[in-house]
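Notes follow once the structure below has been shown.
No lab work stands behind these numbers, since they all come straight from the coordinates. All values reported here derive from a predicted model rather than from experimental measurement. Cβ atoms come from the backbone with ideal geometry, glycine included; neighbour counts cover every protein chain shown.
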Amino acid sequence: MINFFYEISNFSIKNKFILIQDISMIFKNEGGKIGNINYIFCSDDYLLKINKKYLKKNYYTDVIAFSFLDKYKYISGDIFISIDRVLYNSKKWNQLFHIELKRVMIHALLHFLGYDDKNQINKKLMKKKEEFYLILFQF
């Protein structure tokens, strides 16, 4: 099950059904089984508090994801996305907001599916996967 929650009042996801289909296809394509995936859209300040409390980091970020695998190998988790930071980054990188938003949504899913970006080789692979899914699921 894929859910969308809002900690801010001036934003909501459009075309939820299509987005849920895209997310499901990523899991299917990558061989993962979806449990409960919760996207929580929030502000910079809200995500900064989470970053400080749980990750002991004191800086803004666009996305933080917490995942777990149950005994049946279903992947579940919470993905917190700062709409402020996505907007800032879209302007910084001269990208459309909805594409940058989808990029961070995909990025978090790839982490859930076992990809990491801790070194240059893995980072490059993860970036290619992001680009692949962005092209595949243009909206």
**OP:** Report, by chain and number, residues whose modeled amide H sits under 5 Å from the one on TYR60, excluding near sequence neighbours (fewer than 5 apart, same chain).
**Re:** none
Subject >> Local net charge near LYS33, Cβ-Cβ under 15 Å (Lys/Arg +1, Asp/Glu -1) >> reply: +1
Subject >> Percentage relative contact order, the chain, counting C-alpha pairs under 8 Å, at least six apart >> reply: 20
**OP:** Starting from the Cα of PHE68, step 7 Å toward the Cβ, then list every residue of the stretch 91-115 with an amide N under 17 Å from that point.
**Re:** 112-113
Subject >> Distance in nm between pseudo-label sites at LEU87 and TYR6 (7 Å out along the Cβ direction from Cα) >> reply: 1.3
Subject >> Listed residue (SER90, PHE17, TYR6) projecting farthest to the positive dipole end of the chain, Cβ model >> reply: SER90
Subject >> Under 16 Å from the ASN122 label point (7 Å along Cα→beta-carbon), backbone N, the stretch 47-62 >> reply: none
Subject >> Cα radius of gyration and Dmax for the chain (Å) >> reply: 14.4, 43
